[in-house]
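Below is one structure, written out as structure tokens; comments come after it.
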Amino acid sequence: MSPGPLLSVQDLRVAFATEEGRLQAVDGVSFDLSPGEVVAIVGESGSGKSVTAQTLIGLTRTRNSRIEGSVRLGDEELLTAGDAAMRRLRGDRIGMVFQDPMTSFNPVYRLGDQIVEAIRAHRPDVSKAQGRARAAELFDAVGIPDAERRVDDYPHEFSGGMRQRAMIAMALALEPEVLIADEPTTALDVTIQAQILRLLEQLNRERNLATLLITHDLGVVAEVADRVLVMYAGKVVEQGTLDEVFYDPQHPYTWGLLGSLTRIDRPRPRRLPQIAGQPPSLLDLPQGCPFRPRCPHEFSKCTRYPALEARLPEAPGHCDRCWLTPEEKRSKRQVEGQIGLEAPR
Amino acid sequence: MTRFVVRRLFGMAVVLFAVSVIVFVVFMVLPQQNPAQSLAGKNATPLLVENIEEEWGFDRSLPAQYATMMKKVFTGGLVQYEPRIAVDDEIVKRMPATFSLTIGAAVIWLFFGLLLGYLSAIRAGGWLDRILTGVSIAGISIPVFLLAPVMIFIFANQLEMFPNGQYVPFGEDPFEWANHLILPWVTLAILAIGFYSRVLRSNMLDVMNEDYVRTARAKGLSERRVMTRHVLRNSLIPVITLFGLDFGATIAGTAIITEAIYDINGVGLYAAEAVEKFELPPIMGVTLYGAFFVVLMNALVDIFYAYLDPRVRLGESATE
């Protein structure tokens, strides 16, 4: 019997008061994350994926934000936890890796010192020398050669890929249970991206981490994720296992995302398909389904927004928000982008 | 790092050479008047003028004249002729007063400038920030020549809390030294406090948006540590640059008005008196002295900058 999820997010809603009005950045996101599992949140810029990630560790707590719902880590409710309790948890039980390794380290301190700082923030009794030894150990674990010497380097002495490895080392310094990786490969070269993904995958397996991967890149998702949430305009429009979402996508937005991937196993189209138009402004959402203005399959029902629910009897965990019937979806998406034709595996 | 320092000091020598040439051209070559007449002073006898003309070699080529001038500057030959006083002795004699004034003021302005800027930044948008903003702008806006007499009037003449200026050497009486300098210190510091707090505040607000500050929070550091070790530390780098330049400029010039108003017998007052009586040798001497400190502070700032920001040190190997 499984011990239940480690991190459980229920109906998370994050709104910001801005000068132009109230902005609902995250609107009802729910998911569970278990040890050893990788859950990916996919979406365009502004879909609310990064806000979701940062809210989990309390980084969106500001005077102008309003956060509702529930985030439970084990038995602890995080949204109502005090700032001090939240601070103790950050870095210790939840590690976070950010998008741009070039700017995510403080340029004036040695990398090792920055890791020691993270360790000593939670374990004041660890000496600097012990912390440094631990940093070298971590550098070694994430595949930084000559770790013992390189912990004394400054960030500018590292390449982008090495810096991201160092970033991951820092996130893992206190053996967190949850690792949140917010666009960890976006700022890297393609060859380095693959290495970093391998590393994340390996760490996830070896350390039994619960990993939340935030990305806009479905290629990245396909590499490592177990389950996928597709977000659009602050809401989850489709969620399911990797196979369900990739091989039987239900929402036209997911089709668009999948259709715009280059694929090595298909003849190359003259031009990559793209999703017409732009994501709507969160301050001025269309009535009903927010994808409606860009959706080629819009019809009368779309002025109301369907709930996120399972619509396929054979896949109870595969949910989406689209009024089309499963049969309509299968026929329409074939015409559109030849997506999801092959059977799983 | 050593190579960086050496290179920077060499650069300093080059700049000082250029400054000395400019001083020579401005005071000796450009004026229509016979430079010997200017050096001799207003009421000089024709004999003295003739002597000076010969002594400085004004009939020789310009490079030779420059060489003579520099030789005089370095060997103590730059003198006021009536009464005959060596300019360098006079400057050295008055330096303790100027340094007491400027260093004390610099300590006050740096301390309060950074403190107020820090408080303003961590409370940005709040009532404390608004009050401090108002106070800073008032401080920046009041000119020294207005502030100093007003301070003397209120604190020295009316309230009689502090003496009315003048300078007591530290060696004579440390308490009176400080007591006499408080008003001048504050006068000189107020403008800079306002300015520094604004600069630090805006630097800190910029740095707060940096990715590495978010990383620091994500590590679970306390808010105070995030603010001091990451935001403040990185915001200080440009402020240090500014401080070096301002401190040099204060020694070289800004202190003149304050010294004149508070009757502090420092180098600034010497310069003010010399300008009043149109005595060329002290003006030249003080100009070179001022230039030296501005350039020296500049070099020290660059060296300190390299210490604060490792990326600057990188430049040394990259340029080889």
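The values are calculated or read from the model by the stated rules, or taken from the named source; none is laboratory data. Worth saying up front: this structure is predicted, and the values here are computed from it rather than measured. Backbone-built Cβ (ideal geometry, glycine too); neighbour counts: all protein chains shown.
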Next on the checklist: Exactly one of these conditions fails for A:Asp11: (1) touching a strand residue (DSSP E or B) at 6+ places or on another chain (Cβ under 9 Å); (2) farther than 24 Å from A:Pro290 by Cα. Give me its number.
Outcome noted: (2)
Checklist entry - Of all residues in the stretch A:81-115, how many are surrounded by 24 or more Cβ atoms within 10 Å (Cβ to Cβ), at the interface with chain B (Cβ under 8 Å from one of its Cβ atoms) and in a loop (DSSP other than H, G, I, E, B)? => result 5
Checklist entry - Do we find that A:Glu223 is of a type in the set (D, E, K, R), touching a helix residue (DSSP H, G or I) at 6+ places or on another chain (Cβ under 6 Å) and either surrounded by fewer than 23 Cβ atoms within 10 Å (Cβ to Cβ) or in the same structural domain as A:Gly48 (by TED's automatic domain parsing) (or both) in this structure? => result yes
Checklist entry - Is it the case that the stretch A:194-210 has a residue that's more than 14 Å from chain B (Cβ to nearest Cβ) and either on the phi > 0 side of the Ramachandran plot or modelled with pLDDT of 95 or more (or both)? => result yes
Checklist entry - Looking at A:Gly43, A:Gly4, A:Gly58, which is the one that is surrounded by 20 or more Cβ atoms within 10 Å (Cβ to Cβ) and away from chain B (no Cβ under 14 Å)? => result A:Gly43
Checklist outcome for this item: Restricting the stretch A:67-78 to residues that are assigned to a loop (DSSP other than H, G, I, E, B) and without any contact (Cβ under 8 Å) to a residue 60 or more places away in the chain, the one farthest from the other protein chains (Cβ to nearest Cβ) turns out to be A:Asp75
Checklist outcome for this item: (1) within 8 Å of chain B (Cβ to nearest Cβ); (2) part of a helix (DSSP H, G or I) all hold for A:Ile168 apart from (1)
Item to check | Positions within the stretch B:301-314 being closer than 12 Å to B:Leu242 by Cα and either outside any helix (DSSP H, G or I) or away from chain A (no Cβ under 14 Å) (or both), in sequence order | outcome: B:Val301, B:Asp302
Next on the checklist: Out of the residues in the stretch A:116-125 meeting the condition of being within 14 Å of another protein chain (Cβ to nearest Cβ) and more than 27 Å from the chain's Cα centre (by Cα), tell me which one is surrounded by the most Cβ atoms within 10 Å (Cβ to Cβ).
Outcome noted: A:Arg120
Checklist entry - Would you pick out the residues in the stretch B:206-255 that are more than 8 Å from chain A (Cβ to nearest Cβ), under 21 Å from A:Met102 (Cα atoms), more than 29 Å from the chain's Cα centre (by Cα) and not hydrophobic (A, V, I, L, M, F, W, C)? => result B:Asn209
Checklist entry - Does the stretch B:4-21 hold any residues that are modelled with pLDDT under 90 and of a type in the set (Val, Ile, Thr), and which are they? => result B:Val5, B:Val6
Checklist entry - How many residues are in a helix (DSSP H, G or I) and either among the polar types (S, T, N, Q) or modelled with pLDDT of 85 or more (or both) if we restrict to the stretch B:40-56? => result 11
Next on the checklist: Between A:Arg263, A:Arg227, which is of a type in the set (Lys, Arg) and modelled with pLDDT under 90?
Outcome noted: A:Arg263
Checklist entry - Considering only helices (runs of 4 or more DSSP H) fully contained in the stretch B:80-189, which possess at least 1 residues that are touching an Asp or Glu at 6+ places or on another chain (Cβ under 8 Å), touching a residue at least 40 places away in the same chain (Cβ under 8 Å) and over 30 Å from B:Ile52 (Cα atoms)? => result B:87-122
Next on the checklist: Please go through the stretch B:22-34 and give me each residue that is at pLDDT 85 or above and either within 16 Å of B:Val286 (Cβ to Cβ) or in contact with a helix residue (DSSP H, G or I) (Cβ under 7 Å, 6 or more places away or on another chain) (or both), ordered by number.
Outcome noted: B:Ile22, B:Val23, B:Phe24, B:Val26, B:Phe27, B:Met28, B:Val29
Checklist outcome for this item: Filtering the stretch A:84-117 for residues that are aliphatic (A, V, I, L, M) and out of contact with any strand residue (DSSP E or B) (no Cβ under 9 Å at 6 or more places or on another chain) leaves a count of 7
Checklist entry - Any residue in the stretch A:142-159 that is within 11 Å of chain B (Cβ to nearest Cβ), part of a helix (DSSP H, G or I) and not acidic (Asp, Glu)? => result yes
Checklist entry - Could you list, in sequence order, the residues of the stretch B:204-225 that are of a type in the set (S, T, N, Q) and surrounded by 21 or more Cβ atoms within 10 Å (Cβ to Cβ)? => result B:Thr215
